[in-house]
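K.L.:
This structure is in structure tokens; I'll ask about it shortly.
Laboratory data are not the source of any read-out in this text; all were calculated from the coordinates shown. None of these values were measured; they are calculated from a predicted model. Positions of Cβ are backbone-derived with ideal geometry, glycine not excepted, and every protein chain shown enters the neighbour counts.
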Amino acid sequence: MPEFRYPQSPVFYRSLGKALPKIVLGEGCWLEDADGKRYLDASGGAFVANIGHGVKEIGDAVSAQMSKIAYVNGTAFTSEPAEELAETLAKLSPKGLEKSYFLSSGSEAVEAALKLARQYWVELGKPGKHKIIARTPGYHGNTLLALSASAREHYKKLYGPWLVKCPMIPAPYPYRCDCAGAKDCPACSGSALEEALIKEGPESVAAFIAEPVGGSSTGASVPRSDYFKNIRRICDKHEVLFIADEVLTGAGRTGKWLALEHFGAQPDIITMGKGISGGYLPLSAVITSVKIIDPIAKGSGSFKHAQTFSHVPSICAAGLAAVRYIAEHKLVERAAKTGAMLQKKLSSLKDLPGVGDVRGIGMLAGIEFVADKKTKKPFPRALKMAETFTDNARQEGLVVWPNVGHADGDEGDLAMIAPPFIITESETSELVSKFQKALSVTLDQIAAKGGRK
């Protein structure tokens with residue numbers, strides 16, 4: 001076995017054995033590394049940079065807050081930025097969802113939301129309600145309870161002994177569903193949830209969690225228009241809380257402030273993150289109603305969940321500035337308009353070899369790679385199609401987000417596109433051109449390894 005050599009960096013990065021470009025500047029949709037190479041950020045980093053890089057107003061707002069007070073403990077004090085951000089989010093959220101709990105990452109928000117659902121039922125005198133029903137494919141975070149509710153099999157193989165068993169129902173995934181659009185399809189209609197509830201016993205289920213539009217796990221799959229109305233009806237019928245995971249899809253990404261707005265249903269709890277601060281500081285939120293927190297307030301009196309960096313003034317200041325910037329520059333409206341243009345231009349990729357499907361909504365799109373277009377057979381996992389394509393795209397000066405395993409839990413390759421809302425039409429054309437070049441190089445490499453071209 002050849003000697004393993006670490007990159008010359010004291011930082012422990014996720015990808016071992018690979019030197020990463022050092023980014024020194026970000027402006028608009030572009031990043032620049034220490035060697036002067038520029039990259040079109042077509043995924044907003046990790047679906048985060050929705051307002052673009054280098055927005056001075058956000059930095060100024062955070063700096064001003066830090067010069068006054070950067071940190072106070074959220075169990076002892078409140079602050080102006082936390083109060084104003086919560087008030088602003090209450091106005092943007094569905095009616096009645098007016099209470100926000102601020103944390104630092106999407107995983108933390110999901111973990112807290114699931115705990116909130118559990119404590120709600122316990123305080124109501126129904127401690128038997130403890131199970132979480134989630135979807136496969138699906139992803140909700142890397143903390144242990146959030147990972148338990150995720151269908152990340154390549155993670156679960158490693159951490160399985162530490163995880164809670166969560167019943168899973170099939171996610172609506174039209175490209176890989178055999179129903180041919182049948183109205184009564186359990187996965188596409190949402191009736192699979194009722195089947196799971198009856199099997200598990202609704203008296204044992206605390207919550208159902210789902211992303212309104214699929215994230216990387218299903219490559220931006222968009223459910224039927226009636227899907228979440230059915231989910232809401234089923235949850236109400238069986239006394240189960242519905243948690244909408246808007247960490248990736250919220251803050252305007254789909255052309256509306258919340259992706260669930262496209263489907264006319266209201267959740268009991270919302271989780272937000274990523275674009276809520278535009279990536280300027282780590283911020284997430286759990287948003288819920290007085291109805292949910294009232295039994296806790298009148299019972300034990302406190303939510304049994306704490307984080308050192310919850311409700312931090314400087315972090316909330318970044319969120320407040322970003323949310324105000326989005327409103328002042330009408331970026332949600334722009335995401336809807338620019339998103340239509342983005343989806344149209346990306347649709348041309350479907351004709352390329354190796355591309356099985358192109359789908360999405362607003363400023364969120366997924367391009368699924370397949371070895372055979374007719375059968376939808378994925379590339380063998382050993383070929384690492386998604387990873388190879390991502391590396392080649394970076395060489396072309398294009399940043400995308402890869403995902404693997406969605407086809408059957410192990411195999412499946414796709415690339416996600418989620419640029420800042422401010423991307424121009426010419427930059428979008430450049431994105432498509434760079435994508436095509438990277439794909440051509442990748443397919444040549446895959447063919448050389450024995451894969452189909």
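K.L.:
Once the piece of chain linking VAL164 and ASP408 is laid out straight, how much longer is it, given 0.36 nm per residue of separation minus the C-alpha distance between them?
P.N.:
Details: separation 244, 0.36 × 244 = 87.84 nm, distance 2.14 nm.
Separation in residues times 0.36 nm, less the Cα-Cα distance, equals 85.7 nm.
K.L.:
How big is the shadow of the Cα convex hull of the stretch 145-231, averaged over all directions, in nm²?
P.N.:
On the way: hull surface 25.2 nm².
Taking a quarter of the hull surface, the average projection is 6.3 nm².
K.L.:
Let me ask something else about it. Taking H placed 1.01 Å from N in the peptide plane, check which residues at least 5 places from VAL355 or on another chain put their amide H under 5 Å from its amide H.
P.N.:
Correct list: VAL370.
K.L.:
Given points 7 Å out from each Cα along the Cα-Cβ axis, report the GLU396 to ASP372 separation in nanometres with one decimal.
P.N.:
Here the answer is 2.6 nm between the modelled labels.
K.L.:
If you don't mind, there's one more thing I want to ask. With labels modelled as points extended 7 Å from the Cα through the Cβ direction, what inter-label distance (nm, one decimal) is found for GLN8 paired with SER348?
P.N.:
Placing both labels 7 Å beyond Cα along the Cβ direction yields 4.2 nm.
K.L.:
Sticking with this structure for a sec: Across the stretch 411-423, in residue order, what do the Karplus-derived ³J(HN,Hα) couplings come to in whole Hz, using 6.51 cos²θ - 1.76 cosθ + 1.60 with θ = phi - 60° and x for Gly and Pro?
P.N.:
9, x, 9, 8, 10, 9, 10, 7, x, x, 4, 8, 4
K.L.:
Additional query: What does the extension gain come out to for ASP236 and GLN436, with contour length at 0.36 nm per residue minus their alpha carbon separation?
P.N.:
Taking 0.36 nm per residue and subtracting the Cα distance, the gain is 67.3 nm.
K.L.:
Among the listed pairs LYS131/LYS304; LYS344/LYS373; LYS330/LYS434; LYS350/LYS437, which have their C-alpha atoms separated by more than 23 angstrom in this model?
P.N.:
Values: LYS131/LYS304 18 Å; LYS344/LYS373 20 Å; LYS330/LYS434 29 Å; LYS350/LYS437 14 Å.
Where the Cα-Cα span goes over 23 Å, the pairs concerned are LYS330/LYS434.
K.L.:
What nm distance separates the two modelled labels at ALA340 and ILE198, each placed 7 Å from Cα along Cα→Cβ?
P.N.:
4.2 nm
K.L.:
Just list whichever of LYS99/LYS229; LYS68/LYS256; LYS91/LYS165; LYS91/LYS291 have alpha carbons separated by over 27 Å in the model shown. Don't skip to the answer; put the middle values down first.
P.N.:
Working: LYS99/LYS229 23 Å; LYS68/LYS256 34 Å; LYS91/LYS165 36 Å; LYS91/LYS291 17 Å.
Beyond 27 Å between Cα atoms: LYS68/LYS256; LYS91/LYS165.
K.L.:
Set the Förster distance to 22 Å, then compute FRET efficiency between MET66 and ALA34 from the Cβ-Cβ distance, nearest 0.05. Let's see the in-between values first.
P.N.:
Working: r = 27 Å, r/R0 = 1.22.
Efficiency, from the Cβ-Cβ distance: 0.25.
K.L.:
A further question follows. Less than 16 Å apart at the alpha-carbon level, and either on another chain or at least 8 residues along: which lysines does that give for LYS18?
P.N.:
LYS384
K.L.:
Turning to a different aspect of this structure: How much length is gained if the chain between GLU425 and LYS183 is pulled fully straight, taking 0.36 nm per residue apart and subtracting their Cα-Cα distance, in nm to one decimal?
P.N.:
Values: separation 242, 0.36 × 242 = 87.12 nm, distance 3.71 nm.
In short, 83.4 nm is gained.
K.L.:
Now a separate question. Can you give me the three principal axis dimensions of the chain from its C-alpha atoms, in Å, biggest first?
P.N.:
Sorted largest first, the three principal extents are 65, 56, 49 Å.
K.L.:
So what are the stretch 305-453's ellipsoid semi-axes, whole angstrom, largest first, if each one is the square root of 5 times an eigenvalue of the alpha-carbon gyration tensor?
P.N.:
Values: eigenvalues 217, 80, 37 Å².
Each semi-axis is the square root of five times an eigenvalue, giving 33, 20, 14 Å.
K.L.:
Restricting attention to the stretch 332-407, which trypsin sites (Lys or Arg not before Pro) occupy a DSSP loop and are surrounded by at most 10 other Cβ atoms within 10 Å? Write out the running numbers ahead of the final one.
P.N.:
Details: sites: ARG334, LYS337, LYS344, LYS345, LYS350, ARG359, LYS373, LYS374, LYS376, ARG381, LYS384, ARG394; in loops: LYS373, LYS374, LYS376, LYS384.
Filter output for the stretch 332-407: LYS374.
K.L.:
Take every Cα-Cα pair in the stretch 80-131 and report what % of them are more than 15 Å apart.
P.N.:
Numbers: 794 of 1326 pairs.
Cα-Cα pairs of the stretch 80-131 separated by over 15 Å account for 60 percent.
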